[in-house]
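The values are calculated or read from the model by the stated rules, or taken from the named source; none is laboratory data. Just so you know, these numbers come straight off a predicted model, no measurement behind them. Neighbour counts run over all protein chains shown; Cβ positions are idealised from the backbone, glycine included. SASA here: full protein model, heavy atoms, side chains in, ligands and nucleic acids out. Shrake-Rupley method; radii C 1.70, N 1.55, O 1.52, S 1.80 Å.
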Amino acid sequence: MLIAREAIAGMIPHAGAMCLLDGVLAWDADRIRCLSGTHRDPRNPLRLDGQLPALCGIEYAAQAMAIHGKLAGNLEHKPKAGYLASLRDVRCRMRLLDELAGDLIVEAERLMGEESHVIYGFRVCVGDVELLSGRATVVLDAGRAKS
């Protein structure tokens, strides 16, 4: 593992159990591949009535995108914050994540972007089985005043 959970916790705004990723397996200027077993944790803060809906995989992907943004830093000015603005072509192939025995592999690929927004493609898998995929637009520093 290239980057462990403790380092990840310092890269994203989420603390404690809300830091969902356990490690970064690989990354380059355009993509990131992360690992997580937190979907099996009964204390996962995204659980609803004791279950973890598969659409919560979007938050796992969003955290991978945030980490990628910190690591790749391919913008001229580092943003202070990023906000998930839209989702497109989301395909969810199961109802729950917590029923899965294997670790989640969370992948995000930067498709395009500029100083104000970035578009990522994402996938959440267990082994070779894709559970969730789609595209996300992240708005960077949405509250920053324009000059």
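Restricting Ala7, Ala15, Ala64 to residues that are at pLDDT 95 or above and of a type in the set (Gly, Ala, Ser) narrows the list to Ala64. Considering the conditions (1) open to solvent by 30 Å² or more (accessible area, probe 1.4 Å); (2) under 19 Å from Arg135 (Cα atoms); (3) at pLDDT 95 or above, Arg47 is excluded by exactly one of them, (2). Selection of region 16-60 for residues being touching a Cys at 6+ places or on another chain (Cβ under 6 Å) and in a strand (DSSP E or B) yields only Val24. Checking each residue in region 30-44 for being open to solvent by 60 Å² or more (accessible area, probe 1.4 Å) and either aromatic (Phe, Trp, Tyr) or under 18 Å from Gly121 (Cα atoms) (or both) picks out Asp30, Arg31, Arg33. Filtering region 1-10 to residues that are closer than 21 Å to Cys56 by Cα and either aromatic (Phe, Trp, Tyr) or more than 12 Å from the chain's Cα centre (by Cα) (or both) leaves Arg5, Ala9. Checking Tyr60, Tyr83 one by one, the residue that is under 21 Å from Ala9 (Cα atoms) and buried (at least 18 other Cβ atoms within 10 Å of the Cβ) is Tyr60 and no other.
Just to check your reading of the model, which residue among Arg31, Arg40, Arg47 is within 12 Å of the chain's Cα centre (by Cα) and among the basic types (Lys, Arg)? Step through it out loud before you land on a result.
On the way: Arg40 fails: within 12 Å of the chain's Cα centre (by Cα); Arg47 fails: within 12 Å of the chain's Cα centre (by Cα).
Only one candidate qualifies: Arg31.
Yes or no, residue by residue, for (1) in contact with a Phe, Trp or Tyr (Cβ under 7 Å, 6 or more places away or on another chain); (2) part of a strand (DSSP E or B); (3) at pLDDT below 95; (4) basic (Lys, Arg):
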residue	(1), (2), (3), (4)
Lys78	no, no, yes, yes
Asp89	no, yes, no, no
Asp98	no, no, yes, no
Glu109	yes, yes, no, no
Glu115	no, no, yes, no
Ile119	no, yes, no, no
Leu131	no, yes, no, no
Gly143	no, no, yes, no
Ser147	no, no, yes, no
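The single condition among (1) open to solvent by 30 Å² or more (accessible area, probe 1.4 Å); (2) assigned to a strand (DSSP E or B) that Cys125 does not meet is (1).
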